[in-house]
Amino acid sequence: MPAISRDEVAHLARLSRLALTDAELDEFAGQLDSILNHVKAVSEVAADDVAPMANPNAVTNVTRPDVIAPGLTPEEALSGAPAVEENRFSVPQILGEGE
């Protein structure tokens, strides 16, 4: 007996607001039945001693150590700025005073 009937597919299509033809209902019923059978087979194979996992490969975050390196002085950083005010970049105001 199929895991999902044609009528159940039609019901799901109505809930999903999908307009399916009779041929599509038959096709999708077969495809969904196949999917459910595969899920059932996988569920039967799963062993209790195997921990659930998202990835079978060990995943580690590869990072490099932080190394302090000399940076720009404020004068060097601001040297190419078109306008500077109080040792900061000066840009035109884009929002009103109250914002």
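Only the coordinates and a few stated rules stand behind these numbers; no lab work does. Here the structure is a predicted model, which is why all the values come from computation and not from measurement. Here Cβ is always computed from backbone atoms with ideal geometry, including for glycine, and neighbour counts include all displayed protein chains.
Can you work out the FRET efficiency for the pair Asp7 and Asn57, with r the C-beta to C-beta distance and R0 = 35 Å, to the nearest 0.05? Calculated value: 0.25.
Charge tally for Ala13 (other residues, Cβ to Cβ under 13 Å; Lys, Arg +1; Asp, Glu -1): -3. Along the axis of the charge dipole computed for the chain (Cβ charges of +1 for Lys and Arg, -1 for Asp and Glu, origin at the Cα centre), the listed residues Asn55, Val39, Ala83 are led at the positive end by Val39.
For segment 50-99 versus segment 1-34, the inter-centroid distance based on Cα atoms is 52 Å. Computed about the Cα centre, the dipole magnitude for the chain is approximately 160 debye when only Lys and Arg (+1) and Asp and Glu (-1) carry charge, each at its Cβ. Less than 5 angstrom separates the built amide H of Val84 from those of Ser90, all sequence-distant by 5 or more or on a different chain.
Extent along the principal axes, Cα only, for segment 37-79: 69, 21, 11 Å, with the longest axis given first. Packing, as the average of other Cβ atoms within 10 Å across residues, places the peptides 75-87, 32-44 in the order 32-44, 75-87, highest first.
Relative to the 2.2 N^0.38 Å rule of thumb, the chain has a C-alpha radius of gyration ratio of 2.48. Dipole check for segment 6-45: with +1 at the C-beta of Lys and Arg, -1 at the C-beta of Asp and Glu, and the Cα centre as origin, the magnitude is about 200 Debye.
For segment 6-45, the C-alpha radius of gyration sits at 1.33 times the compact-globule guess of 2.2 N^0.38 Å, with N the residue count.
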